[in-house]
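For reference, the structure is listed below as structure tokens.
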Amino acid sequence: MLKHPWRRNHLINYLETLSDKEKQTRRWVQHIYPPAIPYDDLDYTIHFLYDDTWLADDPVATIGYLLLNHREANLVKKLIEAFEVVFAKYGMHKTDEEYINCPEWQAVIDEAKKLLDLIKQNDSNTSSFFDRLSNIIEDGIFIGITLDDLETELKNNTWFLSASQQEVKVLGKEILAAFFDKVIENRLKQIKNTPEKHGMIFYMWFDEQASQIRFSLISDFHESLPFGNPRLIFLDTPDLIYEQFLDSEYHDGIPFSELEISDWDSHENETDDAHQPQNLLNVYKVLLKYQENE
């Protein structure tokens, strides 16, 4: 769920050449280009990394835009460091042929290859995950009219975000934040175009047992959120919920060895809810206001 996916595609294209000495020679020295590419040289790659994006100056800042996570950002940093070694020794005015044949250039090729491999692996691991996200973003909502519609709202307006342990390795808070920004933007549009002229409460929480972020939408005339026993801790931002989700070790399920078998006989008389331990639940909520179409 990147804000600038086309720039990621551009990065991949540049890395395809930057990680291949033979391809560099054909394009940058011999000027033999594929049919779809009228011209190419090292300057194009340099301008993309240093001028057209923040990759050279601050790769971490591009997470959520064209990079997925800090692992990718760290490899971008190593690639830039390899470039800087070359430029520090040979300056900025050598020919492409001179650059790619200097001994230090091999480090540029090696770092570009590592970054390209990681990006391709990450994209492969997350393709189905991002497809699922797109479906959630565009999902329709039900907007109730009275308090009696709460159950129908919960049935139609509750979603969950789950991921495999492998997919979570690729994600970061920036990706999750971008996703939920799009969800809220979509829900606001639906609220704006509804005949029911009231807002809705969007709220999310982390379900520890399921290792899922759950989120729901109810009409703003409900006085409280529909939770039972948990004591709710309202957060100013959803960052803690993102961290709980990303840090969970049970995205592929809880190992049987870690499950505890309860002695039901010893609990048969514990029916007084007042004596049951009260769970704490972090919740982030935001009011999505209804606004008339202009």
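Some points to look at:
- Cα long-axis angle, helix 5-18 against the chain (0 to 90 degrees, to the nearest 10): 30
- Kirkwood Rh in Å, taken over the range 69-156 so that all alpha-carbon pairs contribute: 17.3
- Carbon-plus-sulfur accessible fraction, the chain (probe radius 1.4 Å, protein heavy atoms only): 49%.
- Applying the Kirkwood pairwise sum to the alpha-carbon positions of the range 146-196 produces a hydrodynamic radius of 13.5 angstrom.
- Annotation: per residue accessible area for the chain equals 58 Å², rounded to a whole number [probe 1.4 Å, protein chains only].
- Here the ratio of the Cα radius of gyration of the chain to 2.2 N^0.38 Å is 1.34.
- Both radii were evaluated on the Cα set of the range 78-118; the Rg over Rh quotient, with Rh as the Kirkwood radius, amounts to 0.98.
- Between helix 173-192 and the chain there is an angle of about 60 degrees, using the helix long axis and the longest principal axis of the Cα atoms.
- Computed per residue of the chain from DSSP H runs no shorter than four, each worth -39500 (n - 2.57), the mean residue ellipticity at 222 nm is -13500 deg cm²/dmol.
- Per-q log10 I(q)/I(0), the range 1-145, q = 0.10, 0.11, 0.21 Å⁻¹ (Debye; single scatterer per alpha-carbon; no solvent): -0.40, -0.47, -1.35
- Bridging of Lys77 to lysines at a Cα separation below 27 Å is possible for Lys3, Lys21, Lys23, Lys89, Lys94, Lys113, Lys114, Lys120, Lys169, Lys173, once same-chain residues fewer than 8 apart are set aside.
- Most to least packed among 202-208, 134-140, 183-189 [average Cβ atoms within 10 Å]: 202-208, 183-189, 134-140
The values are calculated or read from the model by the stated rules, or taken from the named source; none is laboratory data. In this text, all values refer to a predicted model and were calculated from it rather than measured experimentally. Neighbour counts are summed over all protein chains in view; Cβ atoms, including those assigned to glycine, are modelled from backbone coordinates with ideal geometry. Protein only, heavy atoms only, side chains kept; ligands, DNA and RNA dropped before computing areas. Shrake-Rupley method; radii C 1.70, N 1.55, O 1.52, S 1.80 Å.
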